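Heads up, the thing below is written out as structure tokens.
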Amino acid sequence: MFNRAVSRLSRKRPPSDIHDSDGSSSSSHQSLKTSAKWAASLENLLEDPEGVKRFREFLKKEFSEENVLFWLACEDFKKMQDKTQMQEKAKEIYVTFLSSKASSQVNVEGQSRLNEKILEEPHPLMFQKLQDQIFNLMKYDSYSRFLKSDLFLKHKRTEEEEEDSPDAQTAAKRASRIYNT
């Protein structure tokens, strides 16, 4: 449902017709800053590869990177079509994140109920309940700390400094200053 809403919104936005004096499009200046998108929701953060990279960096420092890695692995798993590949990926997810001997074990309720027999008949949503638990753990715990972290705040400041630089000002902003003086 969230993705459907996002796709509807993105279709309504027309491409920018504003160009800087050098002829390059300035549409990137009109979009929300990445830090603002990341701060709006964990979903936005996880949809942006740079956001995932920064969030992983943060989680690594908190010794909980396995949470986002598990979530990402489950997202990849849901997109698989080939049954053999699904079986291999399901076993990989189980061995890496869910088994009692997992190298990057995630802390989810009911992980012991997911035994190796279920891995033989995988289906795209077999990890959904566990993935939801990890998502909620990240959303209500790690994500809020990430938004207050030096890593995020530094990124946000850098964006704001770039936005304030003369090169980042759009033709519309420049024209506005010229005609309103």
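On full extension of the chain, what length is gained from residue 163 through residue 41, given 0.36 nm per residue of separation minus the C-alpha to C-alpha distance? Please list the in-between numbers first.
Details: separation 122, 0.36 × 122 = 43.92 nm, distance 2.20 nm.
Gain in length upon complete extension: 41.7 nm.
Suppose the chain between residue 116 and residue 148 were pulled fully straight at 0.36 nm per residue; how much longer would it get relative to their current alpha carbon spacing? Write down the numbers at each step before the final one.
Numbers: separation 32, 0.36 × 32 = 11.52 nm, distance 3.95 nm.
Here the segment from residue 116 to residue 148 would lengthen by 7.6 nm.
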Problem set entry | Rounded to whole Hz, the Karplus (6.51, -1.76, 1.60) HN-Hα couplings of the range 52-69, x for glycine and proline | 4, 4, 5, 5, 4, 4, 5, 5, 4, 5, 8, 6, 9, 4, 4, 4, 5, 5
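Using Cα-Cα distances under 8 Å and only pairs 6 or more residues apart, what relative contact order does the range 63-166 have, in percent?
Details: 74 pairs, mean separation 28.6, N = 104.
Relative contact order comes out at 27 percent.
Treating only the Cβ atoms of Lys and Arg (+1) and Asp and Glu (-1) as charged, compute the dipole magnitude of the range 64-157 about its Cα centre; round to the nearest 20 debye.
Numbers: 15 positive and 14 negative charges, 91 e Å.
Charge dipole of the range 64-157: 440 debye, to the nearest 20.
Values quoted throughout were computed directly from the atomic coordinates according to the rules given, and no laboratory measurement underlies them. Computed from a prediction, not measured in an experiment: that's the story for all the values here. Positions of Cβ are backbone-derived with ideal geometry, glycine not excepted, and every protein chain shown enters the neighbour counts.
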